[in-house]
Amino acid sequence: MYNKLIFDYNTPNRVGYDLPTHFAKFDNSKLLAKYGRKQTMILPSASELEVVRHYTNLSLKNFGVETGLYPLGSCTMKYNPKVDEAIASLKGFTNLHPLVSVNECQGSLEVLYELSQKLEKITGMSGFTFEPCAGAHGELTGLMIIKQYHLARKDKKRTKIIIPDSAHGTNPASSNVCGFEVISIASNPDGRINLSSLKSVLNDEVAGIMLTNPNTLGMFEKDILKITKLVHEAGGLCYYDGANLNALLGRVKPTAMGFDVLHLNLHKTFGTPHGGGGPGSGPVGCIAKLVKYLPNPVIIQKGDHYEFSNSKTSIGHVSGYYGNFLVCVKALAFIDSLGETNIAKVSDNAVLNANYIKEALKQDYKLAINEPCKHEVVFGGVINENGVTTLDVAKRLLDYGYHAPTIYFPLIVNEAMMIEPTESESKETLDEFIAVLKLIAKEARENPDLVKGAPHTTIVKRIDEVRAARIPLLTYRELINYHE
Amino acid sequence: MHKYLPQTESDIQNMLKSIGVKDIKALFKDVPESIYLTKEIKIGKPLSEDELFKHFEVLANKNKTNICLLGGGVYDHYVPSVIPALVARQEFLTSYTPYQPEISQGTLQYIFEYQSFISELTGLEVSNASLYDGATATAEAMLLACGATRKDKIAISSALNPRLIDVIKTYASKRNIKVIEIELIKGRTSLKAFNKINDGSLAGVIIQTPNYFGLLEDATPFSAAIKENKGLSIVAVNPLSLGLFKSPLEMGIDVAVGDGQSLGIPMGFGGPYIGFMATNKTYMRKLPGRIVGSSLDSEGKRAFVLTLQAREQHIRREKATSNICSNESLMALWVTIYLACLGNKGLVDIGNLNLENAHYAYKKIISLPHFKKVYDADFFNEFVVETDLSLKTIDRVLLKNGYTSGIHVGPHQIMFAITERRSQAEIDHLVELLGGIKHV
Ligand SMILES: Cc1ncc(COP(=O)(O)O)c(C=O)c1O
């Protein structure tokens, strides 16, 4: 078992780089006398092959979408097309400085303009910014727009955002970063909004509501038109967390549901890779009356030329340049490959796959809600659990060569286990996965210790998280200096 | 049929039968009929892979990638080929946040190594697993300082990159945080001006080195002064310069931030890059974002795991230290491999190469008749010069000859970034071109 750290490669004078020849003489002694570093660093000295081998070996300790089914609910772990990677590696895209003149970046501007146009058609929104680098960053940006809207109308009392308790943690966290007070409302058991609790908190202090639809239980918010109408009547705006758009892509436009602002997760719905936790991209779209608040600049077309357009009422920049541009390139390639004839089949098949799993497993696992789900299905642990928890089931899945579903989220379902197969998976893959989950349920009944002791086959076993938090060893220096 | 959609018509029929519904639409029966689309959204016909690739090649070729003299926070640096090759491995590329540590030791270990590298570079004890970019990292540092001190005023150097200032102000305004810009003297933050406002009301002070004008700044007197008033000192640094120049720790800094782009990340028209943040143990539990720690598995083997999660949004919701969830993990791997290749020797070597090349160009340019210096020469790889020539003409002449001109930092001032990638021939030609421009 490969078990080295990069710091274990430390042979003096061995190098893993080369640089152009030095051609200019410069005496840096005066400069270093004033600004020079004295503190030493522990960095490796490794040959190029040693570095390559080290990270190749680390990669072998990982599980990706191409390793096997990755049914991580709420994360939409679909296939990430190879051609999109090749396209985003074109030198014309990668070798371009963000501050070049408009004439030097026409290709990049066209990419962003085209992507904006297509996302506008898909969502019904009137404008997009690509500055946000992930979903949560998009939430923050969208909330800033909501805040700016109310302030511009001199409606200063609106300091509260309504969020159902079934929401993802980033929703309340983004509201707080944006300086809003969070009003959490209890959902119905199916995660859907309780209309009377909504009504009871609506007043002239409410800036808006944040919702994802389908909600985090995979249920479509049937009353969505009533909900958005109520919020609008109370003077608030409606924010759509697009994390779950894979259920509705090409079938329901967020504006038709009454939403005013949204973010999309290009790394979920639009097939860009998750990269072990980013880079993602969280473009924000909004309805016409809010476009003037988007971060500057937005890109406009004049003839066949693209230009920047700046608004005086913009909320300002939320990131350094144009966001994660190369991720946007991949998302546009994903959309263009599918095209208008296939885009709605993404959500159709994602929903079909989730319902297929739901029906097949409801005799073995406690179905949270017995209704057709959308792109993901939530169970609440094994039926006749026999002491076996959702965590145990998740760990046992690793033994069988699967990534685990999202577990213990949403918070409102006990022992939650959230399965999102995505449209990428074939019926055969789902059948095999279902068979394994049924087998684990059987193991739980007949030999619970086998499940409780899982995983058995992974390179490391269950990890002591309490120790990690109690004795934080966060760097190599701390690790080598720590003695029991 | 589409290669990304495996379900055949007969699969779909079989699956519908198992579910017990007649068609897929029946699974959407809870969607109001009035908003359910049955017609296609007109976003264009599907493109085959070859058509798709050609289409994007045309777009990529519409960009003009010239010899780049632009800097201002993003630099044209050498990218070792091993990095894109390794980072493209699907086990890294297509995985997600390491929620299942038993099958994510690859990601967890490289984040641990990344945190170690950032800690070594900055000298500070702890680093998080990454933030979106240098600008958001700086804004997060401001929020950290305000949270830690329970104050709502922050002083920033006017020599911060304007992009950093923009993002700081955007974040600050929504939280009613007051941002005060410290005046400059000869291109650097004025300590005298800072002392006038350092009255105990400040949550912190933010200095950048090298600053926006390329000049090195020693943040030591600022960190000492703010400490007396119980505020936090924050520095935004170019990590590539840290092989040569004082570490944030040596300057007495509480929080170091910056953008990892200079560590071998392609310019990519603005991203993806990576924001880093490091601090001391005192503020460890106030850090935004993910953190990886080393622990043991049930058999006593070393194993890495996400830790100190009680700060994070999925547990603390609105009370979390930040809203960040997905960060820039793959770019942390990028930077980690870069630093693994360079090591100590390489970091010093590339630092010197940047210094030498930039000073070589600087001396030649300021000795041209229409150019002169603006500040002293204590810079790293970027410098401002003054000229009585039209900046537009300079841009045009350079562009015609295959260069992307520098940043206009004033009506008569232009800033050039000269990295290790600029050869003697490229610089000599640049000087020749600049020397040949006449008044119009
Ligand atoms: C429902 C929901 N909202 C928001 C987010 C945050 O997205 P990101 O991780 O891109 O910031 C997630 C991510 O998992 C999510 O599932």
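Coordinate-derived values only; no laboratory data. Since the structure is predicted, the reported quantities are computational estimates derived from the model, not experimental observations. A quick note on method: Cβ atoms are made from the backbone with ideal geometry, for glycine too, and the neighbour counts reach across all protein chains shown.
Model label sites at residue A:226 and residue A:304, defined 7 Å from Cα along the beta-carbon direction, differ in position by 5.3 nm. Counting only residues at least eight positions apart within a chain, or on another chain, the aspartates and glutamates with an alpha carbon under 16 Å from that of residue A:442 are A:364, A:385, A:392, A:399, A:432.
Our summary gives region A:6-59 a relative contact order of 64 percent, counting only alpha carbon pairs under 8 angstrom and 6 or more residues apart. For region A:345-468, taking Cα atoms only, Rg and Dmax work out to 14.4, 47 Å respectively. Annotation: aspartates and glutamates with alpha-carbon distance below 19 angstrom to residue B:39 (same-chain offsets under eight excluded): A:120, A:336, A:340, A:348, B:23, B:30. Kirkwood radius and radius of gyration were both taken over the C-alpha atoms of chain B, and their ratio Rg/Rh is 1.04.
Using only alpha carbon pairs under 8 Å that are at least six residues apart, calculate the relative contact order of region A:82-339 and give it in whole percent.
On the way: 482 pairs, mean separation 74.4, N = 258.
Relative contact order here is 29 percent.
Could you list, in their original order, any pairs among B:246/B:319; A:253/A:358; A:358/B:3 whose Cα atoms are separated by more than 29 Å? Flagged as over cut-off: B:246/B:319. Please average, across the residues of B:219-225, the number of beta carbons from any other chain that are within 10 Å of each residue's own beta carbon, and give a whole number. Average neighbour count from other chains, rounded to a whole number: 0. Helix B:424-436 and the longest principal axis of the Cα set of chain B meet at an angle near 60°.
Counting helices only, and only those DSSP H runs with n ≥ 4, report the 222 nm mean residue ellipticity of chain B as the sum of -39,500 (n - 2.57) divided by its residues, in deg cm²/dmol to the nearest 500. Each step should come with its number before you reach the end.
Values: 13 runs with 163 residues, N = 440.
Mean residue ellipticity at 222 nm (helix-derived): -11500 deg cm²/dmol.
Sequentially through region A:317-330, phi angles give Karplus couplings (6.51, -1.76, 1.60; θ = phi - 60°) of 6, 10, 8, x, 9, 10, x, 7, 3, 5, 5, 4, 4, 5 Hz, Gly and Pro residues having no value and appearing as x.
Calculate how many DSSP beta bridges within chain B are antiparallel, expressed in % of all such bridges and rounded to the nearest 5. Could you put the intermediate results ahead of the total?
Values: 28 of 47 bridges.
Around 60 percent antiparallel, to the nearest 5.
Which pairs break 30 Å Cα to Cα here: A:34/B:438; B:178/B:227; A:156/B:42; A:25/B:169; A:160/B:286?
Details: A:34/B:438 39 Å; B:178/B:227 19 Å; A:156/B:42 40 Å; A:25/B:169 42 Å; A:160/B:286 25 Å.
Violating the 30 Å Cα-Cα cut-off are A:34/B:438; A:156/B:42; A:25/B:169.
Each part gets one Cα centre, and for region A:52-118 versus region B:206-244 those centres are 34 Å apart. Between amide H atoms placed 1.01 Å from N, distances below 5 Å from residue B:245 occur with A:37, all of them 5 or more places distant or on a separate chain. Every Cα-Cα pair in the protein assembly as shown was counted, and those over 54 Å apart are 11% of them. Computed from the Cα positions only, the extents of region A:59-115 along the three principal axes stand at 44, 25, 19 Å, in decreasing order.
For the peptides A:111-117, B:77-83, B:231-237, what is the packing order when you average, over each peptide's residues, the other Cβ atoms within 10 Å and list the highest mean first? Write down the numbers at each step before the final one.
Numbers: A:111-117: 22.0, B:77-83: 17.9, B:231-237: 28.1.
Top of the packing list down: B:231-237, A:111-117, B:77-83.
Sequence-ordered 3J(HN,Hα) estimates for region A:48-56 from the Karplus curve with 6.51, -1.76 and 1.60 and θ = phi - 60° stand at 4, 5, 4, 5, 4, 5, 4, 6, 5 Hz, glycine and proline given as x. Note on region B:45-89 and region A:190-206: Cα centroid distance 48 Å, given to the nearest whole angstrom.
Nearest 5 percent is fine: what portion of the DSSP beta bridges confined to the protein assembly as shown is antiparallel?
Working: 51 of 87 bridges.
Antiparallel bridges: around 60 percent, rounded to the nearest 5.
Based on the Kirkwood radius over alpha-carbon pairs, what is the Stokes-Einstein translational diffusion coefficient of region A:82-339 at 25 °C with 0.890 mPa s viscosity, in µm²/s? List each step's numbers first, then the result.
Numbers: Rh = 18.6 Å.
For the chosen part, D equals 132 µm²/s.
By per-residue mean of other Cβ atoms within 10 Å, what is the highest-first order of A:293-300, A:36-43? Can you show the working numbers first?
On the way: A:293-300: 20.8, A:36-43: 15.5.
By packing density, highest mean first, the sequence is A:293-300, A:36-43.
Normalised by the number of residues in chain A, the average gap of Cα pairs under 8 Å and 6 or more apart makes the relative contact order 18 percent. Distance between Cα centroids, region B:355-395 to region A:295-350: provide it in whole Å. After rounding, the separation between the Cα centres reads 37 Å.
Given Cβ point charges of +1 (Lys, Arg) and -1 (Asp, Glu) and nothing else, what value in debye, to the nearest 20, does the dipole of the protein assembly as shown about its Cα centre take? Before the final figure, lay out the partial values.
Values: 99 positive and 97 negative charges, 440 e Å.
My answer is approximately 2120 debye.
How shielded is A:323-331 by partner chains, expressed as the average number of their Cβ atoms within 10 Å of its Cβ atoms? Kindly include the intermediate steps, with their values, before the conclusion.
On the way: counts 6, 10, 6, 6, 3, 3, 5, 0, 0.
Per-residue shielding by partner chains comes out at 4.
Per-residue shielding of B:420-432, expressed as the average number of other chain Cβ atoms within 10 Å of the residue Cβ, stands at 1.
Taking 22 Å as R0, compute the FRET efficiency from the Cβ-Cβ separation of residue A:414 and residue B:315 and round it to 0.05.
On the way: r = 17 Å, r/R0 = 0.78.
It comes out at approximately 0.80.
Computed packing ranks the peptides B:431-438, A:304-311 as B:431-438, A:304-311, most packed first, by mean other Cβ atoms within 10 Å.
In loop segments of region B:251-332 as defined by DSSP, the trypsin sites (Lys or Arg not before Pro) with at most 15 further C-beta atoms inside 10 Å of their C-beta are B:301.
Applied to region B:120-128, the Karplus parametrisation 6.51 cos²θ - 1.76 cosθ + 1.60 on θ = phi - 60° returns per-residue 3J(HN,Hα) values of 5, 4, 7, x, 8, 6, 9, 9, 8 Hz, with x for Gly and Pro. Within chain A, DSSP assigns beta bridges of which about 55% are antiparallel (rounded to the nearest 5).
Compute the long axis of helix B:162-174 from its Cα atoms, compare it with the longest principal axis of the Cα atoms of chain B, and write down the angle in degrees, 0 to 90, nearest 10. Roughly 60 degrees, rounded to the nearest 10.
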